[in-house]
Every structure is written in structure tokens, then in C-alpha cells.
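Structure, as C-alpha cells:
The values are calculated or read from the model by the stated rules, or taken from the named source; none is laboratory data. Predicted, not measured: the structure shown is a model, and the values here were computed from it. Reconstructed Cβ throughout: ideal geometry from the backbone, glycine too, with neighbour counts over all protein chains shown.
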Amino acid sequence: MNNKFSRLAALTAAGLLCIIAAGCQKPEEVPPLQPVINGERIAFPKDGKQTVLLKSASADANSATAATVPGRLAWNEDRTSRIFSPVGGRVVALSAVPGQAVKAGQMLAGISSPDFGQAQAEVRRAETDLVLAQKSLSRAQELHAAGVIPEKDVHAAQADQARAQAERDRTLAREKLYGKSSGSAVDQQFRLTSPIAGIVVERNLNPGQEVRPDQAQPGNPPLFVVTDPMALWAQLELPESLLGAVKPGMAIVLRAGAFPDEKFPARIEFVADAIDPASRTVKARASVANPGRRLKSEMFVSAELAMPPEPAPKVPAGAVLLIGDKQYVFVDLGDFNYERRLVTADEIRLGLMRLRSGVKPGEKVVVEGALLLQQLLAARTQQ
């Protein structure tokens with residue numbers, strides 16, 4: 001009897017353990033439905049839970065746009081002079097400092113120059129030779145009139161006088177290139193002057209410094225820079241897509257980070273005839289008035305250019321994928337269906353692309369998450 005009861009208890013306990021174990025077992029999880037890929041289309045399950053990272057926007061056509069291009073300010077080269085010394089020597093005097101207003105012909109620095117002294121000496125020697133030749137010619141003419149010397153001697157004297165005249169003119173012209181001498185004496189003191197009126201905005205010269213004429217080479221800083229800072233140039237970088245719309249004489253607006261709430265009117269003066277092969281941009285130049293001298297040379301600016309109306313749809317730059325040498329976007333067909341389309345796009349301004357083909361105005365384009373859709377297509381292709 002006891003053996004039967006023990007066997008029954010054991011069977012009952014084993015059964016309870018089986019029931020408990022069965023009750024504690026987790027039900028098998030059902031994996032989520034995978035998107036269906038058919039050619040260039042991707043269809044997600046109707047619940048749309050897998051599309052939370054995707055965002056679409058309408059590719060609308062605006063009636064008019066305003067393109068923004070980067071640029072920097074520079075001195076107006078039509079009103080700027082970069083001054084080097086045409087002679088070698090040592091700086092003995094400085095007469096101008098940065099920020100000083102100067103007139104045309106005003107002395108900027110004094111240089112003790114043997115080169116200039118030689119030019120002065122040649123002028124004085126040529127003038128002396130000319131005076132002697134003129135006297136010799138006068139004497140020869142008097143002697144010929146008196147029958148003392150033949151006519152050929154007069155001709156020789158005339159030739160000597162002409163040569164002396166030419167040499168005097170040559171030396172004077174050379175001295176004029178260097179600048180006017182301080183007097184008739186040979187003092188070797190060269191006066192470095194400003195060729196234009198303006199403001200000294202840069203000086204790279206110190207007392208006692210040696211200067212040479214061969215310093216006037218590309219890359220070497222000038223001794224002085226004189227300019228009119230109330231008129232500046234804006235050097236712009238135009239994308240190829242804007243070439244048809246930007247012309248000389250076009251009015252634009254400049255903005256500077258130092259004055260975020262202000263606009264500075266400017267005008268396009270020049271558009272280059274060549275495209276930079278590295279950046280694929282075109283150089284353009286605009287002039288801007290700076291009466292308060294608040295804008296500074298080398299300041300970064302952005303130029304706003306009013307574009308004519310255009311019916312082409314426009315999307316953010318992140319919506320366009322570059323795969324190889326082709327451009328694609330994903331079009332939102334609705335009900336969690338997406339289609340990859342080949343398009344032709346170009347940049348209107350930083351962050352905005354114009355779709356010339358492949359998408360009609362009003363269609364919805366994936367603007368966030370397009371790369372995820374492309375990865376799904378690529379993974380399917382590799383299988």
C-alpha cells in the first residue's frame with residue numbers, strides 16, 4: 001500500500017513540474033515583416049513602423065529664388081597701389097605709418113641708395129657734356145664763318161652736340177623713373193613716394209632695413225600699400241548653374257557675419273571666362289561702397305543673388321544621392337511605397353538642388369533617410 005502511494009505521489013509531482021515548466025515557457029516571437037523589393041521599388045508593411053527614420057517633402061517649383069554664394073572682401077585694385085623700391089639701398093627715414101592719409105607724390109620713406117646716386121651723377125655728367133658740345137658747336141660755326149676750318153668740322157661738332165643732347169635726355173628719363181631729385185647735388189637720397197592719394201593700410205618697412213628692386217616679385221609683401229578703403233571688391237565663387245543668370249551690372253546684396261542684420265548693396269562688375277577645374281566654380285567680382293569703413297579687407301561675406309523664375313522642382317541637397325556618376329532620388333509613392341529614380345540635378349545654392357529631370361513638381365521626395373533605402377536596394381542586388 002505504501003509503495004503504491006509513493007509511486008502515485010511521484011507521478012503527480014512529475015506532472016505538476018511538467019505543467020509548471022510548460023507555463024513558464026515564453027511564446028515564440030514572430031519576426032517583423034520585411035520590406036518587399038521589386039526592381040527600383042521598396043514596399044514596407046502597412047503598419048509603417050520601419051519607416052520612422054524616413055521623411056518626405058514635396059518637390060515644389062518656386063516662382064523665384066535667391067541664390068547665396070560665398071565670397072571675401074578685398075581692396076579695390078583700381079584704387080590701390082602696392083609700392084616697392086625701384087632702387088637698392090638702406091632705409092634712413094620713415095614718413096608714413098598705417099592709417100595715415102597721404103596725397104599723390106607724398107614721401108613715404110627715404111632711402112640712401114648708391115644706385116640712385118649713380119643715376120644722379122649720370123645726369124650731371126650728361127648736362128656738362130651737353131654744355132661743352134654746344135660751346136664747341138658755336139666755336140666751330142664762328143671759325144667756319146671766318147674761313148678758318150672746313151664745313152666738315154662744323155658737321156662733326158653738330159653730331160657731337162646731338163649725341164650729348166640724346167645722352168642728357170636718356171639720363172633725365174632714367175632719373176625721372178626713380179623720382180625727382182632733392183636738388184642739383186648728388187646726394188644719393190631717394191624719396192619713395194605714393195603714386196596715388198589714399199590711406200596707408202600696410203607697411204612692411206623698418207628703419208635701417210635693406211631694400212632691393214628685385215623684391216618686387218609675386219609672393220613678396222610690398223613695402224607700402226596705399227588704397228581707398230571706402231570702396232572694396234567682393235571676390236565671389238559662382239557655381240556653373242548660375243552662369244546663365246549672373247551678368248556684369250547685376251545688383252546683389254552682401255551679408256557679413258560681423259553685421260548679421262545688415263545688408264550691403266553691391267554690383268557685379270566682372271565674370272571670368274574660365275571655370276576653375278579644381279572647384280568647378282567661376283570667379284566673379286562685385287564692387288561695394290564702404291563709406292563708414294566698417295567692412296574690412298579679407299572679411300568673409302555671402303552674396304545673395306536674385307534668380308529669375310524657374311519651374312523646375314527643388315529639393316534639399318541631402319535628398320540627392322550620387323552613385324557612380326549618376327544622381328538618384330527616392331520618390332514617396334504613398335502607403336509606405338518608395339521608388340528610386342534617376343534624375344539630373346544641379347546646385348542652386350548651398351543646401352538646395354534643382355531637379356531638371358526625373359521628378360515632376362509636387363511629387364514627394366525622401367529628404368531624410370534616402371541612404372537607408374539605397375542600402376536596402378544594394379543589399380538585395382548583392383544577394
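See the values below:
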| read-out | value |
| --- | --- |
| Among the candidates Asp129, Asp169, residue that is acidic (Asp, Glu), out of contact with any helix residue (DSSP H, G or I) (no Cβ under 6 Å at 6 or more places or on another chain) and outside the structural domain of Lys296 (by TED's automatic domain parsing) | Asp169 |
| Any hit, region 297-314, residues being among the hydroxyl-bearing types (Ser, Thr, Tyr), part of a loop (DSSP other than H, G, I, E, B), modelled with pLDDT of 90 or more and surrounded by 13 or more Cβ atoms within 10 Å (Cβ to Cβ) | yes |
| Selection status of Gln375, out of contact with any helix residue (DSSP H, G or I) (no Cβ under 6 Å at 6 or more places or on another chain), assigned to a helix (DSSP H, G or I) and more than 30 Å from Leu73 (Cβ to Cβ) | yes |
| Residue pairs meeting the criteria (Cβ under 6 Å; at least 6 apart or on separate chains; first over 16 Å from Val201 (Cβ atoms) and at pLDDT 90 or above, in region 95-124; second charged (D, E, K, R) and surrounded by 15 or more Cβ atoms within 10 Å (Cβ to Cβ)) | Met107/Arg191 |
| Options Ala156, Ala140, Ala133, Ala173: the member that is exposed (fewer than 13 other Cβ atoms within 10 Å of the Cβ), hydrophobic (A, V, I, L, M, F, W, C) and free of Cβ contacts under 8 Å to residues at least 40 places away in the same chain | Ala173 |
| Number of the exception - Gln161 against (1) under 50 Å from the mean Cα position of the chain (by Cα); (2) outside any strand (DSSP E or B) | (1) |
| Residue count, region 269-302 (criterion: within 14 Å of Gly71 (Cβ to Cβ) and touching a Ser or Thr at 6+ places or on another chain (Cβ under 8 Å)) | 2 |
| Within region 199-284, strands (runs of 3 or more DSSP E) holding 2 or more residues that are of a type in the set (A, V, I, L, M) and loosely packed, with under 14 Cβ neighbours inside 10 Å | 259-275 |
| Scan of region 254-304 for residues that are on the phi > 0 side of the Ramachandran plot and out of contact with any Leu (no Cβ under 7 Å at 6 or more places or on another chain), ordered by number | Arg280, Arg293 |
| Extreme residue, farthest from Ala234 (Cα to Cα), among residues of region 252-272 that are at pLDDT below 95 and acidic (Asp, Glu) | Asp261 |
| Members of region 100-129 found to be farther than 17 Å from Glu175 by Cβ and surrounded by fewer than 14 Cβ atoms within 10 Å (Cβ to Cβ), listed by number | Ala101, Lys103, Ala104 |
| Contacts under 9 angstrom Cβ, first residue in region 254-275 being under 25 Å from Asp78 (Cβ atoms), partner among the aromatic types (Phe, Trp, Tyr), 6 or more apart | Leu254/Phe264; Arg255/Phe264; Ala256/Phe264; Ala256/Phe300; Glu269/Trp233 |
| In region 337-362, the residues that are modelled with pLDDT of 90 or more and not in a strand (DSSP E or B) | Gly358, Val359 |
| Residue selected from region 55-91 under the condition aliphatic (A, V, I, L, M) and exposed (fewer than 15 other Cβ atoms within 10 Å of the Cβ), by the criterion farthest from Leu295 (Cα to Cα) | Ala57 |
| Selection count where residues are surrounded by fewer than 14 Cβ atoms within 10 Å (Cβ to Cβ) and farther than 24 Å from Pro45 by Cα, scope region 317-343 | 6 |
